[in-house]
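The values are calculated or read from the model by the stated rules, or taken from the named source; none is laboratory data. For clarity, every value in this text was computed on a predicted model and none was experimentally measured. Please note: Cβ atoms are built from the backbone with ideal geometry, for glycine as well, and neighbour counts cover all protein chains shown. SASA here: full protein model, heavy atoms, side chains in, ligands and nucleic acids out. Shrake-Rupley method; radii C 1.70, N 1.55, O 1.52, S 1.80 Å.
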Amino acid sequence: MLVLLPPSETKAEGGEGPPLDLDRLSFPELNPVRRKLADALTDLAGDPEASLAALGLSPRQTDEVSRNARLWSAPTTPALRRYTGVLYDALDITAFPKGALARAQRRLVVASALFGLARADDSIPAYRLSGNTNLPGFATLRTLWKPVLEPALAEVDELIVDLRSGTYAALAKVPGAVTVRVVTEDRQGRRKTVSHHNKAYKGKLAAALAASRAEPSTVDGLARIAAKAGIPVERTGQRELELLTAE
């Protein structure tokens, strides 16, 4: 099983790993695009005003530009420790015992605008690049990533659970992936998509799937793991689950 996670805009500072080495990352077939984007971000960081404009940042966020300027020299840390925020707080990888952590490192992959795909233990620096950013001199990120990401994901011979947000799902389709919609039900039984707690619930589901000793190969198998963890899900399609939350 492979669980695709969205990235986060917020990233942890620092790290104890050596500078970025693309050859040490998983999915090496993505390296040409990774290098092209990393070089573009570091070059753009030489013009802070242009960087802020391209990245959609305010003048108070010049530290994000500085991060990009140091992409090739900054210390690295494993991806699941680099990304922060609501989903990653709910995932809480630091609380995993040794066996569960090993399973999480095999199963969890972050969909990244810069790296395309980053496995849990891939060492990466802090950076700023969103999936909907248009860098000067480049086509859209979807145009860059789609031709290489879709074949890479198509070669994954495992059940894929797609928890990406819309922006990152647009970078590459994953035919056959299981999708999860977080919903709430009103008193009339009508369901609507949850936005406020969406990330937290997906983080909890990702934690349950990553830590489970079971190796699910079907949608029903995924649902059983979620139920065992106290996460209410229902199968609503051939490859669709709904995670039901309280209002």
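Looking at region 134-191, which of its residues are polar (S, T, N, Q) and assigned to a loop (DSSP other than H, G, I, E, B)? Selection gives Asn134, Thr140, Ser165, Gln188. For region 6-54, a tally of residues being more than 30 Å from Lys204 (Cα to Cα), open to solvent by 30 Å² or more (accessible area, probe 1.4 Å) and either of a type in the set (Lys, Arg) or not in a helix (DSSP H, G or I) (or both) returns 7.
I'm checking my understanding of the structure. Among residues of region 174-190 that are surrounded by fewer than 16 Cβ atoms within 10 Å (Cβ to Cβ) and in contact (Cβ under 8 Å) with a residue 24 or more places away in the chain, which one is nearest to Ala102 (Cα to Cα)? Ranking the qualifying residues of region 174-190, first place goes to Gly176.
Within region 37-55, the set of residues being under 21 Å from the mean Cα position of the chain (by Cα) and either within 13 Å of Pro136 (Cβ to Cβ) or at pLDDT below 95 (or both) comprises Leu37, Leu41, Leu55. Among the residues of region 209-222, the one identified as touching a residue at least 12 places away in the same chain (Cβ under 8 Å), open to solvent by 20 Å² or more (accessible area, probe 1.4 Å) and either among the aliphatic types (A, V, I, L, M) or in contact with an Asp or Glu (Cβ under 6 Å, 6 or more places away or on another chain) (or both) is Ala211.
Among all residues of region 119-131, there is at least one that is polar (S, T, N, Q) and assigned to a strand (DSSP E or B). Given the criteria within 17 Å of the chain's Cα centre (by Cα), under 21 Å from Val109 (Cα atoms) and open to solvent by 30 Å² or more (accessible area, probe 1.4 Å), does Tyr168 qualify? Answer is no for this residue.
Cβ separations smaller than 6 Å between residues 6+ apart or across chains give the following pairs from region 30-42 residues that are without any contact (Cβ under 8 Å) to a residue 12 or more places away in the chain to residues that are surrounded by fewer than 21 Cβ atoms within 10 Å (Cβ to Cβ): Asn31/Leu22.
In region 55-98, the qualifying residues are those that are among the small types (Gly, Ala, Ser) and part of a helix (DSSP H, G or I), and the one that is surrounded by the fewest Cβ atoms within 10 Å (Cβ to Cβ) is Ala95.
Conditions tested, residue by residue: (1) under 25 Å from Lys204 (Cα atoms); (2) touching a Ser or Thr at 6+ places or on another chain (Cβ under 6 Å); (3) among the charged types (D, E, K, R).
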{"residue": "Gly137", "(1), (2), (3)": "no, no, no"}
{"residue": "Pro147", "(1), (2), (3)": "no, no, no"}
{"residue": "Pro151", "(1), (2), (3)": "no, no, no"}
{"residue": "Glu155", "(1), (2), (3)": "no, no, yes"}
{"residue": "Ile160", "(1), (2), (3)": "yes, no, no"}
{"residue": "Leu163", "(1), (2), (3)": "yes, no, no"}
{"residue": "Tyr168", "(1), (2), (3)": "yes, no, no"}
{"residue": "Gly176", "(1), (2), (3)": "yes, no, no"}
{"residue": "Asp186", "(1), (2), (3)": "yes, no, yes"}
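Here are Ala152, Ala139: which of them is at pLDDT 95 or above and either open to solvent by less than 40 Å² (accessible area, probe 1.4 Å) or closer than 24 Å to Leu41 by Cβ (or both)?
Of the residues listed, the single one that is at pLDDT 95 or above and either open to solvent by less than 40 Å² (accessible area, probe 1.4 Å) or closer than 24 Å to Leu41 by Cβ (or both) is Ala152.
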